[in-house]
1. Against the definition (within 21 Å of residue 182 (Cβ to Cβ) and either touching a strand residue (DSSP E or B) at 6+ places or on another chain (Cβ under 8 Å) or at pLDDT 95 or above (or both)), how does residue 102 come out, yes or no?
2. Among (1) crowded, with 16+ Cβ neighbours inside 10 Å; (2) touching a helix residue (DSSP H, G or I) at 6+ places or on another chain (Cβ under 7 Å), there is one condition residue 236 misses while meeting the rest; what is its number?
3. State which residue is farthest from residue 253 (Cα to Cα) when the search covers only segment 179-198 and only residues that are buried (at least 18 other Cβ atoms within 10 Å of the Cβ) and of a type outside the set (Val, Ile, Thr).
4. Can you tell me which residue in segment 255-294 is surrounded by the most Cβ atoms within 10 Å (Cβ to Cβ), limited to those that are farther than 17 Å from residue 218 by Cβ and out of contact with any strand residue (DSSP E or B) (no Cβ under 9 Å at 6 or more places or on another chain)?
5. Of the numbered conditions (1) outside any helix (DSSP H, G or I); (2) at pLDDT below 95, residue 171 satisfies every one except a single condition; which is it?
6. Looking at segment 230-253, I want the residues that are within 16 Å of residue 269 (Cβ to Cβ) and have a partner that is surrounded by fewer than 13 Cβ atoms within 10 Å (Cβ to Cβ) with Cβ atoms under 7 Å, at least 6 apart or on another chain. Which pairs are those?
7. What single numbered condition from (1) buried (at least 16 other Cβ atoms within 10 Å of the Cβ); (2) modelled with pLDDT of 95 or more fails to hold for residue 93?
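The values are calculated or read from the model by the stated rules, or taken from the named source; none is laboratory data. Bear in mind that the values here come from a model prediction, so they are computed numbers and not experimental data. As a convention, Cβ positions derive from the backbone with ideal geometry for all residues, glycine included, and neighbour counts pool all protein chains shown.
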Amino acid sequence: MSSESAKLKLGLPKGSLQEATFSLFARAGFTMKVDSRSYQPTVNDSEIEPILLRPQEIPKYLESGVIDAGLTGLDWIEDTGADVQLVTKLQYSKATNRVIRIVLAVAQDSDIQSVKDLEGKRIATEYQGIAADYLSRNGVKAEVDFSWGACEVKVGTVADAIIVNTETGNSLRAHNLRIVEEILQSTTQFVCSKAAWSDSWKREKIESLEILLTGAMNAARLVGLKMNVPKAKEEAILNLLSFIDSPTISPLRNSEWVAVEVILDESKVRSLIPKLKREGATGLVEYPLNKVIY
């Protein structure tokens, strides 16, 4: 395959993950745009041909070779049973960076306390494959109805229980539902077809994407911090820093001072900066990072 004509067909999740996915690619250096009426985004890389697909569809399109690589949830890979190649896990989601939980949920006042109590009951879910496997593993026979989302409103009317994904649990609580059991934890997966993984050009392109996307994920929780430090306080100030890698220490024109630069977890910087200032650090500058690659 000549590099001039080579294309990597990349499936991107349409729907709730779309905005977060485009943001991740932007931090990795890829600007994606899409018309509201189109499933064909544009990207500033002539070697990538992106297409928007429902996350549920991506595993099967990969398995059949319709697309080369894509981002989808572990839940949909498990639900479809598709044979795909894992490239890397990318733990991000529509609201937080928590894992997505696939759970069995019922009304607060339901007498269902475990999977065994589902015998002869009716379950509404998008996850027919996961539901069937879950029931089979537990030796339970129940009716499984496919639901096009909005499962929560079906409890107590057309279903005794639901199997759904939840990130924060807010929707379940809002509908007065409780979780009976957790079935699966899911994160976003960067996956590809077995054929693409065997193609040298496509594999190199996929691995390059993995490096950049992972770097962008790493950077999302980190910041850079630089400061000037009096040599007399250098050891005390370094002891305050829980840095990711060894700090960079450079001499200044004033031989009594050094410049220190570190990469830190963003969540720690707010409480750290006042302590550094009190210890004598000055010229403190915090700055965002686009990619951190180990």
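1. The answer is yes for residue 102.
2. (1)
3. 184
4. By that ranking, first place goes to 275.
5. Unmet condition: (1).
6. 240/275
7. (2)
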